[in-house]
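The values are calculated or read from the model by the stated rules, or taken from the named source; none is laboratory data. No experiment lies behind these values; they were computed from the predicted model shown. Cβ sites come from the backbone with ideal geometry, for glycine too, and all protein chains shown count toward neighbours.
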Amino acid sequence: MATDDFTENTTKLKVCGIRSITEINELKTLDIDYFGCIFAESQRQVDSELAAKITRIAHRHGKRTVGVFVNAMIENIVKIVEETDIDIVQLHGDESVEYCMELTQKLEKLYEKNCFRKRKNFPAKTKLWKVFGVTDELPNIADYKPYIEYPLFDAKGENRGGNGIVFDWDILKKLEKHSFVLAGGLSIENIQKALDYKPAILDINSKVEVNNRKNKKLVENIVNLVKKK
Ligand SMILES: O=C(O)c1ccccc1NCC(=O)[C@H](O)[C@H](O)COP(=O)(O)O
C-alpha cells in the first residue's frame with residue numbers, strides 16, 4: 001500500500017486515546033493531523049458509536065481518525081470501519097503478515113461496496129499502520145511493507161500501549177526519513193529530540209493528560225514545537 005498524497009516531507013502529529021466529545025471539541029481546531037480512538041481494552045477505550053461521533057467532528061475539521069486494535073477479529077475491524085468511517089487501522093497486537101493481507105483484502109471489498117461514499121478531501125481507502133513494540137533493536141518488518149502505510153514503533157512495556165516510556169531512539173537512525181510513526185512517552189521534554197529522528201508522524205498520548213483526559217495546553221505546547229509556531 002503506497003503512502004498517499006497527504007504525506008509531505010514534514011512531521012505530522014497524532015493525538016491518541018480521545019475518549020470524549022469534550023476532548024475532541026477542545027482539540028479539533030489545533031494543528032493536529034490525526035486523532036486516535038482506542039477500541040482495544042484500555043482506560044481510553046471507546047465504542048463505535050462514540051468513535052463515529054469523534055470521527056465526524058474530526059473530518060469536519062480536516063483531520064483523520066485512527067482506530068487502535070489489539071488482536072481483534074478481522075470481521076470486527078471491518079464492521080467498525082464501516083460504522084465509524086475511521087481512516088486508518090492501527091494494529092497494536094501480535095498481528096501477522098497473513099492477518100494484514102487478509103484485512104487489506106476485506107477492507108478493499110468494503111471500499112468497493114462503499115466507494116460512492118467518498119470522504120471529502122481524503123482518499124477513501126482505509127490504511128493500515130502496524131505497531132512494533134521495541135526496546136533497543138529494530139524488528140524485521142520487510143514482509144509487512146506491502147500491506148501497511150507505516151510501521152509504528154512504540155516502547156515495549158507492561159501494557160500494549162500508553163506506557164508513557166521511551167525506547168532507544170538511536171535504532172531509528174537506520175530508517176529512511178519520514179517512513180515511520182514514533183510513539184512512546186512523548187512529552188514536551190523530549191519532542192524536539194524526537195523530531196531530529198525525522199518521523200513521518202509523532203504520536204502523543206499519556207504525557208499530555210491531566211486527570212485522565214487530554215489537556216489542551218499540554219497538547220498545544222507540543223503542536224507549537226512540532227509545527228514550529
Ligand atoms: O493508550 C492506550 O491506552 C493503549 C492501550 C492499548 C493499546 C494501545 C494503546 N495506545 C496506543 C497508542 O498509539 C499510544 O499513543 C502509544 O502507545 C504511546 O502512548 P504513550 O506512551 O502514553 O505516549
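Go through the range 135-154 and count every residue that is more than 18 Å from Ile77 (Cβ to Cβ) and either within 12 Å of the ligand (Cβ to nearest atom) or part of a loop (DSSP other than H, G, I, E, B) (or both).
Qualifying residue count, the range 135-154: 9.
Note down all Cβ pairs under 6 Å where the first residue falls in the range 130-158 and is over 10 Å from Gly184 (Cβ atoms), the second is more than 11 Å from the ligand (Cβ to nearest atom) and among the polar types (S, T, N, Q), and they're at least six residues apart or on different chains.
Close Cβ pairs satisfying both conditions: Tyr147/Thr104; Glu149/Thr3.
Which is part of a loop (DSSP other than H, G, I, E, B), within 13 Å of the ligand (Cβ to nearest atom), more than 20 Å from Asp31 (Cα to Cα) and out of contact with any Ser or Thr (no Cβ under 9 Å at 6 or more places or on another chain), of Gly162, Gly157? Reasoning before the result, please.
On the way: Gly162 fails: out of contact with any Ser or Thr (no Cβ under 9 Å at 6 or more places or on another chain).
None of the others qualify; the one that does is Gly157.
Return the residue satisfying two criteria in turn: it lies in the range 59-71 and is among the aliphatic types (A, V, I, L, M) and surrounded by 24 or more Cβ atoms within 10 Å (Cβ to Cβ), and of such residues it is farthest from the ligand (Cβ to nearest atom).
Going through the range 59-71, the residues among the aliphatic types (A, V, I, L, M) turn out to be 66, 68, 70.
Adding the requirement that they be surrounded by 24 or more Cβ atoms within 10 Å (Cβ to Cβ) leaves 66, 68.
Numbers: Val66: 8, Val68: 5 Å.
Taking the candidates together, the pick is Val66.
Name every residue in the range 131-159 that is of a type in the set (S, T, N, Q) and either touching a Phe, Trp or Tyr at 6+ places or on another chain (Cβ under 9 Å) or more than 17 Å from Val68 (Cβ to Cβ) (or both), in order of residue number.
At the first step, the residues of the range 131-159 found to be of a type in the set (S, T, N, Q) are 135, 140, 159.
Matches in the range 131-159: Thr135, Asn140.
Given the criteria at pLDDT below 95 and of a type in the set (Ser, Thr, Tyr), does Thr126 qualify? Walk me through how you get there before you give the answer.
On the way: at pLDDT below 95: yes; of a type in the set (Ser, Thr, Tyr): yes.
Taking the combined requirement at face value, the residue satisfies it.
Can you tell me which residue in the range 172-193 is farthest from the ligand (Cβ to nearest atom), limited to those that are part of a strand (DSSP E or B) and touching a residue at least 60 places away in the same chain (Cβ under 8 Å)?
The first filter runs over the range 172-193 and keeps only residues part of a strand (DSSP E or B), leaving 181-183.
Applying the additional criterion that residues be touching a residue at least 60 places away in the same chain (Cβ under 8 Å) yields 181, 183.
Working: Val181: 8, Ala183: 4 Å.
Step by step, filter the range 172-193, then rank; the result is Val181.
Restricting to the range 194-210, and then to whatever is within 13 Å of the ligand (Cβ to nearest atom) and part of a helix (DSSP H, G or I), can you tell me which residue is surrounded by the fewest Cβ atoms within 10 Å (Cβ to Cβ)?
Result: Lys207.
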